[in-house]
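A.B. asks: Take this structure, written in structure tokens, and hold onto it; I'll ask about it next.
Read-outs throughout are calculated quantities, based only on the coordinates presented, and are distinct from any laboratory measurement. Predicted model, so just to flag it, every value in this text is computed and none were measured. No Cβ is skipped: glycine too gets one built from the backbone with ideal geometry, and neighbour counts run over all protein chains shown.
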Amino acid sequence: MSQIITITLNPALDKSIVVPELVPDKKLRAVSAEVDPGGGGINVSRALHKLGCASEAVFLSGGYTGKYLEELLLKEGVMMHPLPTKEPTRENFVVFDDEKKLQYRFGMEGPRVSEAEWKAVLDYTASRKGITYIVASGSLPPGVPVDFFGRLAAIAKNLRAKLFVDTSGEALKYAVKEGVYMIKPNLGELGSLYGKQKLSQEEIIAAAQKIITGGGCEVMVVSMGSAGAMLFTANEQYQAKPPKVTVLSNVGAGDSMVAGMICALSQGRSWKEILRYGVAAGTAATLHPGTELCKKEDTEQIFTLLNQD
Ligand SMILES: Nc1ncnc2c1ncn2[C@@H]1O[C@H](COP(=O)(O)OP(=O)(O)OP(=O)(O)O)[C@@H](O)[C@H]1O
Ligand SMILES: [Mg+2]
């Protein structure tokens, strides 16, 4: 059985509320409120669990918010290895305007992490001999060096583990500089990696091929929201477009997609199926409001539809 760990440097307690209408100055009463564990890798672990795939969530955790997050993860049945930080874990906030059916996402920067704290994540990973997949996802909080994922890539190579990185900006550049197994940029992230803001279809293909040929990654999946995604390897290329759905919330779509792909990857499926299962899980996450991730039954249903094309 393959062993999967996810890594989250900047986890969050995700709080989401629904208000009748978002208007200034008035006191707004929430008609529903929810608190969920969040942050890239943590969401990937939660989505993997929903898809029936075991993983261990490794993350930095501090203060009362960190303890609360751990408690929520425990309740969901996600295996975890929290590593302590002196400063408290951040909170994020999502507001859904029920009148306009619009969602507003507010993110916080995250606590300052000390050198000993972020190094503990690298040391713990290095100690995990026999691991098959490492999924590093999300942003880097203040204090963590921008080449963190590059350092992680070097450790993954030593462990002979496959590193999947889903992040953005400079952090992604350093991962690709060291070379990783797989990345999942969205169009904006690929654009900044390639040095161009808006990419045409030809430029997406050229960018993917350039990064793969240059040793930046072995596999790249470019996610394109409602347009689905494209998968590239050195000699294969596939595209998958989801069915038209009523989107209630796109929170966690990217993380669910990553989970879908890791799950399919660990089952030894083909690249075409890995892409389709990822797109299915990403789209499944949009079917529910708030921070809810992909449900297995929705994912399987959309996957079946994609396989009929
Ligand atoms: N509006 C939508 N309709 C259908 N599917 C969607 C929609 N938005 C996202 N998805 C699904 O989720 C996948 C990932 O979405 P997207 O490309 O927006 O990722 P992302 O920008 O990384 O998201 P995130 O904000 O969660 O990081 C898409 O490939 C698609 O399968
Ligand atoms: Mg994303």
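A.B. asks: Test of understanding: what is the full-extension gain from residue 203 to residue 132, defined as 0.36 nm times their sequence separation minus their Cα-Cα distance?
C.D. replies: 22.3 nm
A.B. asks: Further, regarding this structure: Quick one: putting +1 on the C-beta of Lys and Arg, -1 on the C-beta of Asp and Glu, what dipole do you get for the chain around its Cα centre, in Debye to the nearest 20?
C.D. replies: Details: 34 positive and 34 negative charges, 83 e Å.
Computed charge dipole of the chain: roughly 400 debye.
A.B. asks: Placing +1 on the Cβ of each Lys and Arg and -1 on the Cβ of each Asp and Glu in the range 224-309, which of 226, 266, 251 has its Cα farthest towards the positive end of the resulting dipole?
C.D. replies: Working it through, the farthest residue towards the positive pole turns out to be 226.
A.B. asks: Could you tell me which Cys residues in the chain have no other cysteine's Cβ under 4.7 Å from their own Cβ, answering none if every one has a partner?
C.D. replies: When partners are defined as cysteine Cβ atoms under 4.7 Å apart, the chain leaves 217, 294 without one.
A.B. asks: May I ask you to derive the relative contact order of the chain, considering only C-alpha pairs under 8 Å and at least 6 residues apart, and to give it as an integer percent? Mind showing how you got there, number by number?
C.D. replies: Values: 706 pairs, mean separation 48.1, N = 309.
Computed over the chain, the figure is 16 percent.
A.B. asks: So, one more: Enumerate the lysines that residue 162 could reach by cross-link, defined here as Cα to Cα under 28 Å, with residues fewer than 8 away along the same chain left out.
C.D. replies: 50, 119, 129, 173, 177, 184, 210, 241, 272, 295, 296
A.B. asks: If you take the charge dipole of the chain about its Cα centre, with +1 on Lys and Arg Cβ and -1 on Asp and Glu Cβ, which of 181, 83, 142 is farthest toward its positive end?
C.D. replies: Checked the options; the winner is 181.
A.B. asks: In whole Hz, what ³J(HN,Hα) sequence does the range 232-240 give by Karplus (6.51, -1.76, 1.60; θ = phi - 60°), x for Gly and Pro?
C.D. replies: Once θ is set to phi - 60°, the couplings for the range 232-240 become 10, 10, 4, 10, 10, 8, 9, 10, 9 Hz.
A.B. asks: For the charge dipole of the chain, defined by +1 on Lys and Arg C-beta atoms and -1 on Asp and Glu C-beta atoms about the Cα centroid, which residue among 114, 132, 62 has the Cα displaced farthest towards the positive pole?
C.D. replies: 132
A.B. asks: Here's a follow-up. For the range 224-309, what is the charge dipole size about the Cα centre, in debye to the nearest 20, if Lys and Arg each add +1 at the Cβ and Asp and Glu each add -1 at the Cβ?
C.D. replies: Working: 7 positive and 8 negative charges, 23 e Å.
Taking the Cα centre of the range 224-309 as origin, the dipole is about 120 debye.
A.B. asks: Same structure again: Could you work out how much longer the chain between residue 146 and residue 213 gets when fully extended? Use 0.36 nm per residue separation minus the Cα distance between them, nm to one decimal. Please list the in-between numbers first.
C.D. replies: Numbers: separation 67, 0.36 × 67 = 24.12 nm, distance 2.37 nm.
Gain in length upon complete extension: 21.8 nm.
A.B. asks: If I build a Gaussian network model for the chain, linking alpha-carbon pairs within less than 10 angstrom, which residue out of 296, 157, 27 has the largest mean-square fluctuation?
C.D. replies: 27
A.B. asks: Does the range 227-309 classify as rounded, prolate or oblate by the C-alpha gyration tensor (a ≥ b ≥ c root eigenvalues; a/c under 1.5 gives rounded; else a/b over b/c gives prolate, otherwise oblate)? Show your work: numbers first, answer last.
C.D. replies: Values: a/c = 1.80, a/b = 1.63, b/c = 1.11.
It comes out prolate by the Cα gyration axes.
A.B. asks: With a Förster radius of 41 Å, plug the Cβ-Cβ distance of residue 309 and residue 123 into 1/(1 + (r/R0)^6) and report the FRET value to the nearest 0.05. Before the final figure, lay out each step's value.
C.D. replies: Details: r = 46 Å, r/R0 = 1.12.
The value I calculate is 0.35.
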